[in-house]
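Input: a single structure, listed below in structure tokens.
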Amino acid sequence: MKPGVLIISHGSPAPAWVQLVDEAAGQLQLPDGCPVAVSFLEHVEGRLIQDGIDRLEETGATDLLVVPLFVSSGSTHVDEISYALGTKEVPEKATDLEPFRVRARVYFGTPIDHGPDVAAMVWEKVRGMSLQPEREVILLVGHGSAHDGFRQRWERGMSSLAADVSAISGTACDYALLNPDSVWDKVEYWSREKGYDVIVFPLFLSSGFFTAKVIPGRLDGLDYRYAGEALLPHPQLKTWMEHQISGLLREAEESGE
């Protein structure tokens with residue numbers, strides 16, 4: 001068995017967005033000789049998912065340890081990528097993504113969702129804005145999904161992450177989705193009905209259009225604090241990816257016994 005690590009993210013036409021993902025992957029500490037390819041679902045020509053598969057297989061990789069670098073299991077992209085890689089027979093939502101050419105065995109990880117590593121990243125991003133934790137709420141704002149089944153995964157993951165963040169920060173923590181839109185209602189509830197100061201954190205992998213334009217636009221006229229900084233850059237994302245890779249490597253080794 002020769003493993004190779006395939007990190008898959010959504011991609012963006014903005015070079016700075018792609019660079020942040022590359023920098024996070026570049027910090028990984030892996031066994032000697034384990035190749036890594038960072039690939040994208042769209043927007044990054046020459047570095048799409050098939051390109052990453054081909055590069056790893058050209059190195060002789062027999063087992064692909066796939067890290068889906070997406071914020072939520074509720075992403076329809078995670079579903080279609082898993083299908084196209086052959087780790088599920090049928091996608092839960094219709095997709096135009098054709099099955100990839102892949103000879104290696106594929107082990108598919110889980111998106112970011114929640115957990116202590118993720119909660120630590122969120123808290124470190126917002127703690128500088130926290131003045132009176134007992135009178136504050138951190139509101140996690142995620143993309144969400146209009147599709148039944150996917151929306152519920154978004155809600156479960158963000159609810160769990162909110163509990164994780166609250167436990168380490170000492171503040172209240174809640175979540176809202178852009179789709180279906182609950183952002184205004186949640187900020188209004190916490191600020192006007194409960195009297196809390198609201199710190200909004202965009203639960204996105206990297207800063208971009210949604211963090212700079214969409215979320216502030218949904219909050220126009222409300223009182224809140226907002227730095228607009230997403231999860232990246234943050235050194236702990238490396239730790240999260242390494243945990244993913246270690247688990248997938250164990251799975252691959254056990255399958256080969």
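The values are calculated or read from the model by the stated rules, or taken from the named source; none is laboratory data. Because the structure is a prediction, the values reported are computed rather than measured. Cβ placement follows ideal geometry from the backbone for every residue including glycine, while neighbour counts extend to all protein chains displayed. Areas reflect the complete protein model, heavy atoms only, side chains present, ligands, DNA and RNA absent. Shrake-Rupley method; radii C 1.70, N 1.55, O 1.52, S 1.80 Å.
Find which of 167, 240, 56 sits farthest along the positive direction of the dipole of the chain, computed with +1 on the beta-carbon of Lys and Arg, -1 on that of Asp and Glu, about the Cα centre. Of 167, 240, 56, it is 167. The fraction of Cα-Cα pairs per 10 angstrom bin, counted from 0 for the stretch 1-100, comes to 15, 48, 32, 5 percent, rounded to whole percents. A crude spin-label estimate for the pair residue 19 and residue 127, with each label 7 Å from Cα along the Cβ direction, gives 2.8 nm. Take the residue pairs 125/194; 2/93; 88/238; 88/213; 125/213 and return only those whose Cα atoms are more than 29 Å apart. The pairs that break the limit, which is 29 Å between Cα atoms, are 2/93; 88/213. Take 230-243, 208-221 and order them by the average number of nearby Cβ atoms within 10 Å per residue, most first; the result is 230-243, 208-221. Max-minus-min Cα coordinates of the chain on each principal axis give 59, 37, 34 Å, with the largest extent listed first.
The length gained on full extension between residue 255 and residue 58, counted as 0.36 nm times the residue separation minus their Cα-Cα distance, comes to 68.7 nm.
The tail of the calculated P(r) for the stretch 154-257 beyond 17 Å holds 63 percent of all Cα-Cα pairs. The distance between label points at residue 209 and residue 184 comes to 2.2 nm (points 7 Å beyond Cα on the Cα→Cβ vector). Per-residue extension of 0.36 nm, minus the Cα-Cα distance of residue 89 and residue 51, leaves a gain of 11.4 nm for this segment.
Using a 1.4 angstrom probe with every protein chain in place, what is the largest-first accessible-area order of 193, 89, 124?
On the way: 193 140, 89 170, 124 95 Å².
Sorted descending by solvent-accessible area, the residues read 89, 193, 124.
Per-residue ellipticity at 222 nm, computed for the chain from helices alone with -39500 (n - 2.57) per DSSP H run of at least four residues, works out to -11000 deg cm²/dmol.
Taking each residue as 0.36 nm, the span from residue 135 to residue 246 lengthens on full extension beyond its C-alpha to C-alpha distance by 36.0 nm.
What FRET efficiency, computed as 1/(1 + (r/R0)^6) with R0 = 51 Å and r the Cβ-Cβ distance, is obtained for residue 168 and residue 96, rounded to the nearest 0.05?
Numbers: r = 41 Å, r/R0 = 0.80.
It comes to 0.80.
For the chain, a crude dipole built from +1 on the beta carbon of Lys and Arg and -1 on the beta carbon of Asp and Glu, taken about the Cα centre, is about 340 debye to the nearest 20. Give me the base-10 log of I(q)/I(0) for the stretch 104-203 at each q in 0.16 Å⁻¹, Debye formula, one uniform scatterer per Cα, rounded to two decimals. Reported log10 I(q)/I(0), two decimals: -0.67.
Shape annotation for the stretch 192-241: C-alpha extents along the principal axes are 39, 24, 12 Å, from largest to smallest.
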